[in-house]
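Engineer: I'd like to ask you about the structure that follows.
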Amino acid sequence: MGRVLAEARLAAGLTVDEVSTATRVRVPIVHAIEEDEFARCGGDFYARGHIRAIARAVGADGDSLVARYDEIHGTEPVVLATVPSIDARRIRADRGRPNWTAAMVVAILAVVALIGFNLVTGKRGAEVTAGSASVPLPSVAAAISASPSANQPPAPAPSAAPIAAAPADKVTVKVVADSGTSWVSASDGDGKSLFQDDLSQGADQTFTDPKQIKLVIGNAAAVHLYVNGKDLGPAGKDGQVVHLTYTPGDPQTG
């Protein structure tokens, strides 16, 4: 699929940047799709959409390419289930129930307004006097904790693994421009150029080959390297030009 899209793009006389502008698919993802690397698409749904968009831009048959993608990856388009009809009697019953969420929001807003009024008028005490009785000032934290959602466990943090499931029989190199812009050139074991351009700060590229990956990095300190799932840190010193070669297995600089 990737080769078909790449050949169609070249036949149409378009660059990757022009395809990215026409489809709003980011340049690294266009590169990855042309190399049949769909992990960066974010899932099968987005992969199908990117394939159709790129195919439309370069004049290829998007439907056949998506069908080919589904055959290879064993996926099928998601079919949304029909929403069942809602019983009108249930709606009428729900309308009669108190809206505790709205009541909670009103209570919290009232507490916040009361605290703001006390701060403006210079009252710094923790209690509000009503006649001779001392009424404790409600705590905003306590009011918020009464909400059902406050007791729910926090959502799990996203995974920070730079390369997920790096294949043991291949070399996988991820180049991340995390502290500046650097010129990067990458080629595979047969000498074929995989990438040759400036890598802006915050951008990244991932390269995979059964034999080896060769890199030339113009500003080594600006680039962070991950090889076969291992963090190797900065590629070198500030302003240094480095030539690196990586092969399958443990990272070994050539």
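Engineer: For region 174-214, report the accessible area per residue in Å² (1.4 Å probe, heavy atoms, rounded to an integer). Before the final figure, lay out the partial values.
Structural biologist: Details: 2020 Å² over 41 residues.
On a per-residue basis, region 174-214 sits at 49 Å².
Engineer: Listed highest first by mean packing, meaning other Cβ atoms within 10 Å per residue, what order do 56-63, 187-194, 208-215 come in?
Structural biologist: Numbers: 56-63: 16.4, 187-194: 13.0, 208-215: 18.6.
My ranking of the peptides, most packed first, is 208-215, 56-63, 187-194.
Engineer: Another question, then. How do the peptides 39-52, 232-245 rank, highest first, by the average count of neighbouring beta carbon atoms within 10 Å per residue?
Structural biologist: 39-52, 232-245
Engineer: Moving to a separate point now. Based on the alpha-carbon gyration tensor of region 1-49, what equivalent-ellipsoid semi-axes (square roots of 5 times the eigenvalues) come out, in whole Å, largest first? Before the final figure, lay out the partial values.
Structural biologist: On the way: eigenvalues 62, 29, 14 Å².
Its equivalent ellipsoid spans semi-axes of 18, 12, 8 Å.
Engineer: Provide Ser182, Ser64 ordered by accessible surface of protein heavy atoms (probe 1.4 Å), highest first. Walk me through the numbers on the way to the answer.
Structural biologist: On the way: Ser182 0, Ser64 60 Å².
Per-residue accessible area, sorted high to low, gives Ser64, Ser182.
The values are calculated or read from the model by the stated rules, or taken from the named source; none is laboratory data. Everything numeric in this text was worked out from a predicted model, so none of it was measured. Here the Cβ is made from the backbone with ideal geometry for all residues, glycine too, and neighbour counts use every protein chain on show. In case anyone asks, the SASA skips ligands and DNA or RNA and just uses the protein heavy atoms, side chains included. Shrake-Rupley method; radii C 1.70, N 1.55, O 1.52, S 1.80 Å.
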